[in-house]
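The values are calculated or read from the model by the stated rules, or taken from the named source; none is laboratory data. Owing to the predicted nature of the structure, the values given are computational and were not obtained by experimental measurement. Cβ placement follows ideal geometry from the backbone for every residue including glycine, while neighbour counts extend to all protein chains displayed. Note: areas computed on protein heavy atoms with side chains; ligands, DNA, RNA excluded. Shrake-Rupley method; radii C 1.70, N 1.55, O 1.52, S 1.80 Å.
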Amino acid sequence: MRSYRSLHRMFLMLLPTLLLCFTSSWASAQFRSPAAKLHPLMRTTTVTELTNGIDVQTADFRLKIVALREDVLRITMARGTSLPEDASWAVLPAVRRSYVPVAIESTGDYFGFRTHALIVQVDKKTLEITLRDLVGNIIGQDARPVRFDGDAFRIYKSMPPDEHYFGLGDKTGPLDRRNQAFSLWNTDAYRFQESTDPIYKSIPYFMTYRAGRATGILLDNTWRTSFDFGKESAGTYSFGAAAGPLNYYLFYGPTPKQVVETYAWLTGTPPLPQLWTFGFHQSRYSYMTQARVLEVAHRLRADSIPADAIYLDIDFQEKNRPFTVDTTAFPDLPGMVAQLKAENFHVVAITDLHIANLPDHNYFAYDTGIAGDHFVKNPNGTVYTGKVWPGPSVFPDFTRQQTRAWWGTLYRGLRGDGIDGFWNDMNEPSVFDSPTFTIPENVIHRVDEPGFATRTATHAEIHDVYGMENSRATYEGLLSLDPDSRPFVLTRATYAGGQRYAATWTGDNSSSWNHLRMTTPMLENLGLSGFAMSGADVGGFAGSPTPELLTKWIEVATFQPIDRDHTEKGTADQEPWVGGPEHEAIRRRFIEERYRLMPYLYTLAEEASRTGLPMLRPLFLEFPDAAPDRHPIDTDNAAAGEFLLGANLLIAPPPYPDALDTYSVEFPSPSWYNYWTGEKVPNPDSVTATAPNPTATKGQTAPLILRVTPNLDQLPVFARGGSIMPIAPLVQSTDQTPQGPLTLRVFVGDQCAGELYLDDGKTFAYKHGAFLRMKFSCERTADGLRLSLRPHMGSYPAWWKEIRAEIYGWTPTQNRVFVDEKEVSVQIDHEPQSISFVVVDDGHGAEVEVK
């Protein structure tokens, strides 16, 4: 038996460990849910200093934090000693291999490191992480230890009262995710509403924004994930997954634009689409016959409504079987497509991923798929079958590179028929006869992919990435069939990084005023989440719109990246002429304006392909300092329905588009012009009396606010002061070459500049120098205004020989024009809000001065 003194000595030796365990257990218990099992940090801790971070090992956990860039961290945590496989469907392989050296910093309370942009601190007792910028601002802080519950985990972060949250793709509800909670599990959500969740996409990425400082977080986990922005617990936001790796990326702006660009660095930028994809698209489920397709096309041309594409939904196929053609309803598909091409129409055809289970029917897609072992399987090894549009169907195993290559070969026939674009629908995947309306979670996929360990995985792991890999297979297959033609793929379901392969739309919306209103925040958050090329079914998919609703929707969609009029089977006709000549005239006018704006739209698309910046943007992305306290002004009631097309166009539809009440347009900066008339928006002093700023303090300048009265034939659109916008002559299709000068609309203001990008709009020749990039700038001089036309860059020829300058917000006193300091004889036309004149553009650049 031990003596009392020996026991006392042992107790003193163990006292620090007991106190540490008690303290950690007590702290964890404060946040422990009944089902959770939290593990306090044990005394046996080893910290390995890495060149680019730290690797922490306790008795229960392993935590690794590394710096990929000065402003990008990767945080991985696991129970035990082994970290998860270093593989990703979302994050690019070269990015995951990136690193920068760090300076290790540790104290008695924490260990961590410093980069040239960030300070990382890990609490030694709890492993809670605090992230600061170099001046000490906390930009991310764990609110409590990570919680593990079986295979699931959850991460908790402190949520300051003035922080806002954006992203997660096209989830419903307001733009700001604060006080909302979401589940990510790709779901066929027909007739979704504002409270519907989940819906079609799983993009586990969001941006935090506080007082002008932005941070991005990407949870790279393909299992069912969830995000709670203070709905469950005030002061805390959290995110986690049902299983899979605890692996997330945290990156600092500090501007929101920098966060968006870093997300694109991590997950990829969208490819530059063909020019025709920005035209007006006409679709429905379904144009049932070849004759009806041609009738719609002829009517668009006869009524001089510019258009570029017509879509074929599932009824062009034989009994809805993908990669077949109903030769009764479409007796000459190649001839029809050729006739449409002659009228400058492109055809987009649907190709759902479910393949009809038809052995012994000479069905090529099924027969070759079975022969190549390309379909997902039940746990017992048999091929899984579920009912979709063709009836009993089988599903390709897109986690296999061999299966994706086989899928691509299925497009050879339709591409040979001349079809230019493809539409991957139902790829959540939707299954009609499953209790969960999708593939059961225990169905088996075989992962055979470069960068991944070859293994099997259940559908529970693959579900949210399945639609993205479907669109990837389509995109890569089309590239293989025609390597010099840019593919156009439209997908309904996707995952983070899916923008590398496809454009997207918001799914089966409804023909209601509320759904028109919902479209703006959905597209804004899609853009912030990587999808620069996105849209919503114009007029609504489910139900028939009133003529007024269709008209207003066409007006708003004019200024969105994808402009597709689409509706479901059984609804009324929804083409632009429906509702009578008055409505058709309004709709035609707005569609025509889209085609005049084509140089601006295409320039934005090229920018997105390089930087990841969206075409359609919330106001705070361009103007993070708009409010005195630097909150995102998109959260103000007056600005909640507004959006930007690029940096220079502000579109302000009514916040409740079916209401007749006047409303306020809140501007993010003090200099804007009415896009339609060129009239300058009155300065803040003149509107303060009628629209005061309730948050302004004494001495502050009131914001620029304008009262607007809704009209059916009008949509408030404003151009930023200081912008120069390229405008083209009207064409009926992007395949037509514009005739006449290029117009530059110069809205005089500070930092006056603009840019234009052009190429053949079809091939990849631009990657080898066959493009045209031109920059413009303007400035006031002592006695005039100077417009700088920079030399053309690249080898692609311009379609214009002259430039027509339209100048708003400035009037000359002498009516004289000088080009490179030599006076030229040109006529200056004076309009109520502008002047205009034409000069030669030989591609070498010129300095044009007006006095």
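A few remarks follow.
- When Rg and the Kirkwood Rh are both derived from Cα coordinates, the Rg/Rh ratio for the range 115-244 amounts to 0.98.
- Listed by chain and number, the lysines whose C-alpha is less than 25 Å from the C-alpha of residue 822, apart from same-chain residues fewer than 8 away, are 775, 801, 851.
- Of the accessible area of the range 195-280, computed with a 1.4 Å probe over protein heavy atoms only, carbon and sulfur atoms account for 50 percent.
- Accessible surface of the range 308-413, 1.4 Å probe: 52 percent of it comes from carbon and sulfur atoms.
- The range 340-489 gives an Rg/Rh value of 0.98, both radii derived from C-alpha positions and Rh following Kirkwood.
- Shape of the range 527-591, Cα gyration tensor, a/c cut at 1.5: oblate
- Dividing the alpha-carbon radius of gyration of the chain by the rule-of-thumb value 2.2 N^0.38 Å gives 1.02.
- In plain terms, the bigger the Kirkwood radius, the slower the diffusion; for the range 339-389, with that radius from Cα pairs, at 20 °C and 1.002 mPa s, Stokes-Einstein puts D at 158 µm²/s.
- Entries of 341/767; 231/569; 569/762; 64/767; 231/552 with Cα pairs more than 28 Å apart: 231/569; 569/762; 64/767; 231/552
- Whole-number accessible area per residue in Å² for the range 727-805, which is evaluated in the context of all protein chains at 1.4 Å: 45 Å²
- Carbon + sulfur, % of accessible area of the range 783-851 - ligands and nucleic acids excluded, 1.4 Å: 45 percent
- With a Förster radius of 41 Å applied to the beta-carbon distance between residue 453 and residue 801, the computed FRET efficiency rounds to 0.10.
- Kirkwood Rh and Cα Rg combined as Rg over Rh, evaluated for the range 703-804: 1.05
- Alpha-carbon centroids, the range 101-140 and the range 191-270: separation in whole Å: 22 Å
- Förster radius 56 Å - calculated FRET efficiency between residue 815 and residue 194 (Cβ-Cβ, nearest 0.05): 0.50
- Computing FRET efficiency as 1/(1 + (r/R0)^6) for residue 79 and residue 49, where r is the C-beta to C-beta distance and R0 is 25 Å, gives about 0.65.
- Inter-site label distance for residue 751 and residue 299 at 7 Å from Cα along Cβ, in nm: 4.7 nm
- Each residue was assigned an accessible area with a 1.4 Å probe, and for residue 671 the value is about 30 Å².
- Remark on the range 169-288: Rg and Dmax equal 17.0, 54 Å (Cα only).
- Equivalent ellipsoid of the range 44-151: semi-axes from √(5λ) of the C-alpha gyration tensor, largest first, are 20, 19, 13 Å.
- In this view, the solvent-accessible surface of residue 796, computed with a 1.4 Å probe and all protein chains in place, comes to about 70 Å².
- Averaging the sequence gap over all C-alpha pairs within less than 8 Å and six or more residues apart, then dividing by the number of residues, gives the range 76-228 a relative contact order of 13 percent.
- Per residue accessible area of the range 597-693, 1.4 Å probe, in Å²: 35 Å²
- For residue 377, the lysines whose Cα comes closer than 21 Å to its Cα, not counting residues fewer than 8 places off in the same chain, are 387.
- With N the number of residues in the range 449-600, Rg(Cα) / (2.2 N^0.38 Å) evaluates to 1.23.
- A 1.4 Å probe run over the protein chains yields, for the range 182-328, 28 Å² of accessible area per residue, whole-number rounding.
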